[in-house]
Every structure is written in C-alpha cells, then in structure tokens.
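Written out below as structure tokens is the structure these notes cover.
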Amino acid sequence: MDQREVLDVAMEAGHILLENGAEISRVEETIDRICRHFGVESENAFVLSNGIFLTAGNETEKRFARVKHIPVKGAQLHRVAAVNQLSREIEEGKYDISQIRERLRQIKVQPGKRKGTQVFMAGLGSSCFCLMFGGSLQDCIATFGIGLVLYTYVLMLGKHFSKIVENIVGGMLITVLSLLLARLPFGMDMSHMISGCIMPLVPGLAFTNGIRDIADGDYISGTVRMIDAILVFLSIAAGVGFVISIYHQLTGGAML
Amino acid sequence: MILLNLLIKVIAAAVGTIAFGAIFGVPRQYYPYCGLIGGAGWAVYVILWENLRFWSEPAVVFLATVIVILLSRLFAVRKRCPVTIFLISGILPLVPGAGIYWTAYYLVTNKLAEASTRGFLAVKVAIAIVLGIVVVFEIPQSVFRRASKF
C-alpha cells in the first residue's frame with residue numbers, strides 16, 4: 001500500500017473534521033489513528049484552527065509533507081459524527097484505502113439541513129429561549145417572527161459581510177424589529193424579545209471549542225477561537241447598543 | 001404554579017436546544033438526548049437560582065454546566081459519537097446572551113454602574129462555564145465507560 005495514499009486520506013479526514021467544528025485534539029488523534037492503522041509510523045500532524053500540517057518520513061519511510069489551509073466555515077456536526085464513526089470502523093479493519101476515500105467523499109457532500117428548515121429552527125429556537133428567559137406568549141410569537149427574519153438575513157446577506165459587520169448588522173436588525181414591535185399595543189417586552197433573538201447569533205461553537213482547545217493545551221487554536229467568540233459577542237452588543245442609542249436620541253431619553 | 005412555571009421553562013429549554021442543535025447539523029437520532037441535556041441544565045438553573053436564590057448566579061451556572069457536560073460525556077460514550085454533538089447545543093441556554101443585551105443597553109443609556117454590574121456578571125457567568133467545562137473534562141474517559149454500563 002502506498003504511504004502517500006494513507007497520508008492523503010488521513011489529511012482529508014482531518015480536513016472534514018476541522019472544517020465542521022471538531023476540536024483540535026480530535027483532528028490530530030484521528031489523523032494519527034488512520035496513519036498508525038495502515039502502518040505509517042513516522043507521521044506527524046500539527047493542527048491549527050485553520051490549517052493542518054502533515055509530514056512523514058524517516059530512514060525507512062518516504063518523505064511526505066503537506067500543508068492545507070482550511071478556512072473557518074459554518075459547522076455541520078453530522079459530518080464530524082460521520083468521520084468519527086468511520087475512524088472507528090477503520091480501526092476495526094473494515095475498509096481499505098480506496099473505500100475510505102469513497103466514504104470520505106460521500107461524507108463531504110452529505111447535505112446539511114435545508115435553508116428553509118434552518119430559518120424555521122432559528123425562529124423556533126429564539127422563541128423557546130425567549131420563553132425560557134421568562135417572556136410572555138406575545139413575546140414568544142414576536143420572537144419567532146424576528147428569528148425568521150434574522151436567520152434569513154444571516155443566510156442570504158450575512159455571509160457576504162465580514163464577521164464583525166455581519167453581527168453588528170444582525171444585532172441592529174433584531175433591535176430595530178423588537179423596538180417596533182414593543183411600540184405596538186400588544187404589551188410585548190423588548191428585553192425578553194432581544195434576549196431570545198440574540199441566541200442564533202451567539203457563537204456557542206467557537207466559545208465551547210475555544211475553551212476545550214485551551215484545556216487540551218492547544219493554546220494557539222484555543223485563543224484564536226476565543227477571540228473569534230469574543231469579537232462576535234462584542235459586535236452583537238455594538239449593533240444592539242447603536243440602535244438603542246439612536247432611539248434614545250430621537251425620543252429624548254424616554255424609557256423603553 | 002411554581003412547578004408549572006418550571007415545567008414550561010424546562011420544556012422550552014429542551015425544544016430550543018434541539019432547534020439550535022438542528023442548525024449546527026446534529027443528526028436527527030440524537031435530538032432527544034440534546035433536548036434532555038439542555039433541559040436538565042436549565043432545570044438546575046431555574047430551581048437553584050430563580051426559585052431558591054442559592055449561592056450566586058455564576059455558582060449556579062457552574063453547577064448547571066457540570067451537569068450538562070457530565071450528561072454529554074455519558075451519552076457520547078453510550079452512543080459512541082463525538083461529545084461535541086451534545087455539548088455545543090446543551091451549553092447554549094447557559095451562555096449569557098441576555099447579559100450582552102443588558103450591558104449594551106445600560107452602556108448606551110449612560111447608566112454606567114448598572115452596565116458594569118451586568119457586564120461583570122456576564123463575564124463571571126462565562127468564566128463559570130469555562131471552569132465547568134474544564135473540570136468535567138479532567139475526569140478520565142474510563143469513568144464514563146464504566147458509568148454508561150449501568
């Protein structure tokens with residue numbers, strides 16, 4: 001069996017994991033496992049939050065080196081689960097290299113949730129979280145609507161902006177809509193609506209993975225992910241604050 | 001009345017967790033577990049903090065995080081899948097999203113004392129989550145393997 005093929009397959013598995021929100025140690029471990037299973041002993045993987053460095057080579061094994069840049073994208077955890085399962089099955093000796101390559105190709109094109117479903121789930125999640133924070137029924141209904149608008153924006157327009165602008169505009173959007181709805185005579189409460197609507201923007205994945213990476217000793221990737229999360233938090237707050245500030249100017253500081 | 005209130009909030013947390021899990025691409029067969037984990041974490045928060053005012057909010061969030069991660073790791077071992085799947089959505093109800101809003105709100109309305117109170121509370125809650133995650137991930141995997149046999 002060609003050593004190069006083994007390393008290419010391992011790299012591909014690592015690529016899918018990293019791109020879809022796995023933590024650094026899992027990526028490294030999976031690459032190691034695949035290589036060891038096929039008898040490549042000299043392999044060395046160095047994984048950062050947006051790239052993989054993979055080398056091999058010693059007295060008996062051929063030299064191999066590859067660097068792959070993997071830009072941060074939206075996570076699809078079902079792909080992480082699928083690669084994890086595959087790596088288990090590889091260790092049980094179920095596949096040869098070409099079968100693994102085929103499986104990885106399938107996992108890579110595995111469709112995520114449809115956009116419509118995602119938008120609906122964002123609305124549902126927002127209104128549930130609004131209820132959870134103590135919002136009334138009217139608040140929840142309003143939050144559902146705002147959640148739909150917000151996530152449609154995130155999927156349609158948000159991707160074209162930088163992360164900072166995307167989240168500032170997102171924060172502004174939910175605040176404007178909540179303000180307008182709170183002015184209607186249905187007794188909706190702005191703070192509950194906004195608390196719920198913020199959730200689809202909140203960087204739960206970056207935050208959690210950042211902590212885990214730092215706890216694992218992967219300080220560089222952990223720090224990058226934490227900064228990513230903090231930046232998003234601050235951007236949302238800036239968007240929300242900006243709109244409230246304008247509103248206060250216009251209404252002469254009237255309480256909301 | 002308190003019980004009904006608790007029930008509504010926990011169910012809302014469970015459904016909300018599943019909804020956000022779906023956005024993150026959690027496979028459908030794991031939805032019930034995601035819901036259970038998110039609901040359990042929020043139940044701890046509502047009972048200990050909102051009803052009993054036990055200790056302090058960050059401390060309660062720490063306890064809730066510990067529960068969320070213990071359950072996530074247990075289910076991950078049992079279902080033989082990455083713990084990330086349960087963890088990310090399960091932790092989401094505890095992330096101080098409302099804290100961001102209040103901090104921004106008080107900051108721009110020039111109530112700086114309230115802004116710093118809210119802001120530091122949000123930071124404390126975030127640190128509590130960090131500590132919860134770090135502590136429970138120190139427990140060796142073998143403990144969960146043994147526990148999942150029961």
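The values are calculated or read from the model by the stated rules, or taken from the named source; none is laboratory data. Remember, predicted model here, so these are calculated numbers, not experimental data. Reconstructed Cβ throughout: ideal geometry from the backbone, glycine too, with neighbour counts over all protein chains shown.
A few points about this structure:
- Only one of the numbered conditions (1) within 13 Å of chain A (Cβ to nearest Cβ); (2) in contact (Cβ under 8 Å) with a residue 24 or more places away in the chain; (3) surrounded by fewer than 23 Cβ atoms within 10 Å (Cβ to Cβ) is not met by residue B:33, and that is (3).
- Just one of the listed residues (A:238, A:206, A:229) is in contact with an Asp or Glu (Cβ under 9 Å, 6 or more places away or on another chain) and either among the hydrophobic types (A, V, I, L, M, F, W, C) or surrounded by fewer than 19 Cβ atoms within 10 Å (Cβ to Cβ) (or both), and it is A:206.
- Residue within region B:95-103 that is among the β-branched types (Val, Ile, Thr), at the interface with chain A (Cβ under 10 Å from one of its Cβ atoms), within 21 Å of residue A:171 (Cβ to Cβ) and touching a residue at least 24 places away in the same chain (Cβ under 8 Å) present: yes
- Test: residue A:67 is modelled with pLDDT of 90 or more and either surrounded by fewer than 19 Cβ atoms within 10 Å (Cβ to Cβ) or closer than 21 Å to residue B:16 by Cα (or both): yes
- Taking region A:189-214 as the range and being among the polar types (S, T, N, Q) and either more than 11 Å from residue B:92 (Cα to Cα) or more than 9 Å from chain B (Cβ to nearest Cβ) (or both) as the test, the residues that pass are A:191, A:195, A:209.
- Apart from one condition, residue A:77 fits all of (1) more than 14 Å from chain B (Cβ to nearest Cβ); (2) in contact with a Ser or Thr (Cβ under 9 Å, 6 or more places away or on another chain); (3) of a type in the set (A, V, I, L, M, F, W, C); the exception is (1).
- Qualifying residue in region A:29-38 (condition: surrounded by fewer than 16 Cβ atoms within 10 Å (Cβ to Cβ), more than 22 Å from residue B:86 (Cβ to Cβ) and among the acidic types (Asp, Glu)): no
- Qualifying positions in region A:117-141 - at pLDDT below 90 and either under 19 Å from the mean Cα position of the chain (by Cα) or closer than 14 Å to residue A:153 by Cα (or both): none
- Test: residue in region A:162-169 that is within 30 Å of residue B:45 (Cα to Cα), surrounded by fewer than 16 Cβ atoms within 10 Å (Cβ to Cβ) and either at pLDDT 90 or above or within 13 Å of chain B (Cβ to nearest Cβ) (or both): no
- Looking only at residues in region A:210-226 that are of a type outside the set (A, V, I, L, M) and in contact with a Leu (Cβ under 9 Å, 6 or more places away or on another chain), the one that is surrounded by the most Cβ atoms within 10 Å (Cβ to Cβ) is A:225.
- Set A:133, A:186, A:161: member being aromatic (Phe, Trp, Tyr) and closer than 19 Å to residue B:93 by Cα: A:133
- Listed conditions (1) part of a helix (DSSP H, G or I); (2) out of contact with any Lys or Arg (no Cβ under 6 Å at 6 or more places or on another chain); (3) within 25 Å of residue B:116 (Cα to Cα) are all met by residue A:182, apart from (3).
- Residue within region A:84-102 that is closer than 25 Å to residue A:159 by Cβ and either surrounded by fewer than 20 Cβ atoms within 10 Å (Cβ to Cβ) or assigned by TED's automatic domain parsing to the domain that holds residue A:36 (or both) present: no
- Set side by side, the residues A:174, A:194 differ, and just one is closer than 17 Å to residue B:20 by Cα and crowded, with 22+ Cβ neighbours inside 10 Å, which is A:194.
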